[in-house]
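Chemist: This structure is in structure tokens; I'll ask about it shortly.
Rule-based calculations on the coordinates, nothing more; no lab input. Not measured: the values here are computed from a predicted model. All Cβ positions, even for glycine, are placed from backbone atoms using ideal geometry, and neighbour counts span all protein chains on display.
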Amino acid sequence: MLILAKTALAIMLGFIASAITGFIAIPILKKINVKQKINVLINKRHLKKQGTPTMGGVIFILPVLICLALLYFRGSIVITHNLIILVMVFLSYGFIGFLDDYLKIRRTSTSGNEGLKSWQKFLLQVLVAVVFFFIYRSYGGSGDLTFSFFKWNFKLGWTYGIFILLVLVATTNAVNITDGLDGLATGLSMFAFFSFGIIAWSTTWLDGNEEIAIFSFLLLGSLAGFLLFNSHPAKIFMGDVGSLALGGALATIAILTRHEFSLILIGGVFVIETLTSLIQIISIRRFKKKVFKKAPLHHHFEELGWEEGDIVKLFWSAGFILAMLGIIYGVWL
């Protein structure tokens, strides 16, 4: 029962802190003209969102950090190397996203909606992954890849660093790609962090598993608070600062708990969204044909005439089911 009480406390703290931060941050972001530029090629219905504030990721990033600090000084949590790794990746990817958002806003009037170049973003992501790997291994982190359902265990050694890079880059970009409709990535991330919070509680062999679980539930609560402002019609977008931070945190928790394969199931909607974009790019470049009306998949549904709210509800439903299956697989099977 104590676990349930701690979970409830973390979710509540995250929600309240995020809601308060949102009421303070949105007017400030509007005042300093931190606004999203809408690409007309996506869907003309999105033009009404022109000028909506972006960089909303700060509304759930800051509350998580503040709540962690409060719990630490209260003596409710301890600082472990695994928590440090998680927070480091969370903030590092958030900073990469911040740079991307900042450049997009700064360059809007001169060179269009252009942020960091792809190679610059990838290079920064690689740098974070390399630092992650060396810290992780220096504290005795496993270089094994485990597939618990089939009782498979692969010893990757130093190549595990390459695997970490792939997981981090793929997950951060998957969340980023999915963040295209009001509240879509926010809701899906809430389900994902709930699942990984439960998985972290059950990973009793992991040093600091309780703190990782509390981090997950703090972030879940903060995302729920952010959803007050990000649900349709959105008053603010999370921006790359938010989506990259979320993807980095998800990937890190999956790696630390050795549930990388669970991430594929729990983040199934993120995976599908990314695959549809990849399939579309390959099909156009190789065969000069489109598989989908537009990619990623949520834009395909828009082109079919679906309302934005209905698409979000459908994807949330799929995300919820996959997240629950992920808990069953990750904790029970």
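Chemist: Between their Cα atoms, which of Lys6/Lys31; Lys35/Lys121; Lys6/Lys30 are more than 29 Å away from each other?
Modeler: Among Lys6/Lys31; Lys35/Lys121; Lys6/Lys30, the Cα-Cα distance tops 29 Å for Lys6/Lys31; Lys6/Lys30.
Chemist: Express the Stokes-Einstein translational diffusion coefficient of the chain in µm² s⁻¹, to the nearest whole number, given a Kirkwood radius over alpha-carbon pairs, 10 °C and a viscosity of 1.306 mPa s.
Modeler: Using the Kirkwood radius from Cα pairs, D works out to 79 µm²/s.
Chemist: Pop out the ³J(HN,Hα) list for region 280-297 in order, Karplus 6.51 cos²θ - 1.76 cosθ + 1.60 with θ = phi - 60°, rounded to Hz; leave Gly and Pro as x.
Modeler: Residue by residue, region 280-297 yields 4, 4, 5, 5, 5, 6, 8, 10, 6, 10, 9, 8, 10, 4, 8, 10, x, 4 Hz.
Chemist: Okay, moving on. Amide H of Lys35 versus every other amide H placed in the peptide plane: which residues, excluding those fewer than 5 positions away on the same chain, fall under 5 Å?
Modeler: For Lys35, the qualifying residues are Thr54.
Chemist: Using +1 on the beta carbon of Lys and Arg, -1 on that of Asp and Glu, and nothing else charged, what's the dipole of region 1-99 about the Cα centre, debye to 20?
Modeler: 620
Chemist: Stokes-Einstein at 20 °C, 1.002 mPa s, Kirkwood radius from Cα pairs: D for region 168-240 in µm² s⁻¹?
Modeler: Calculated translational D: 164 µm²/s.
Chemist: Give me, ordered by chain and number, the residues 5 or more places off Ser231 or on other chains with an amide H under 5 Å from its own placed amide H.
Modeler: Result for Ser231 returns nothing.
Chemist: Which of the peptides 187-196, 58-67, 255-264, 204-213 is most tightly packed, and how do the rest follow, going by the mean number of other Cβ atoms within 10 Å of each residue? Working shown, then result.
Modeler: On the way: 187-196: 27.9, 58-67: 23.9, 255-264: 22.4, 204-213: 18.6.
Most protected by this proxy first, the peptides run 187-196, 58-67, 255-264, 204-213.
Chemist: Right, something else. Going by C-beta contacts inside 10 Å, put Val331, Val312 in order with the fewest on the left.
Modeler: Val331, Val312
Chemist: Tell me, what HN-Hα J-couplings in whole Hz come from the Karplus equation 6.51 cos²θ - 1.76 cosθ + 1.60 at θ = phi - 60° for each residue of region 75-82, using x for Gly and Pro?
Modeler: Working through the residues one at a time gives x, 7, 9, 10, 8, 10, 5, 5 Hz.
Chemist: Follow-up question, since we're still on this one. Compute the long axis of helix 209-230 from its Cα atoms, compare it with the longest principal axis of the Cα atoms of the chain, and write down the angle in degrees, 0 to 90, nearest 10.
Modeler: Helix 209-230 sits at roughly 20 degrees to that axis.
Chemist: Suppose every K and R has +1 on its Cβ and every D and E has -1 on its Cβ; what is the size of the dipole of region 66-179 about the Cα centre, in Debye to the nearest 20?
Modeler: 120
Chemist: About its Cα centre, how strong a charge dipole does the chain have in debye, to the nearest 20, once Lys and Arg get +1 and Asp and Glu get -1 at the Cβ?
Modeler: The calculation lands at about 1100 debye.
Chemist: In terms of modelled amide H atoms, which long-range or inter-chain residues lie less than 5 Å from the amide H of Thr203?
Modeler: The answer is none.
Chemist: Can you find, among Leu297, Ile214, Trp316, the residue farthest towards the positive end of the dipole of the chain? Put +1 on the C-beta of Lys and Arg, -1 on that of Asp and Glu.
Modeler: Checked the options; the winner is Leu297.
Chemist: Using a Cα-Cα cut-off of under 18 Å, which aspartates and glutamates could be cross-linked to Lys294, ignoring same-chain neighbours fewer than 8 residues away?
Modeler: Cross-link targets: Asp179, Asp182, Glu273, Glu302, Glu303, Glu307, Glu308, Asp310.
Chemist: Continuing with this model, one more query. For region 24-39 and region 251-305, what is the separation of their Cα centres, given in Å?
Modeler: 29
Chemist: Would you compute, from DSSP H runs of 4+ residues alone, the mean residue ellipticity of the chain at 222 nm, taking -39500 (n - 2.57) per run and dividing by the full residue count, rounded to the nearest 500?
Modeler: On the way: 12 runs with 231 residues, N = 333.
Using -39500 (n - 2.57) per qualifying helix, the result is -23500 deg cm²/dmol.
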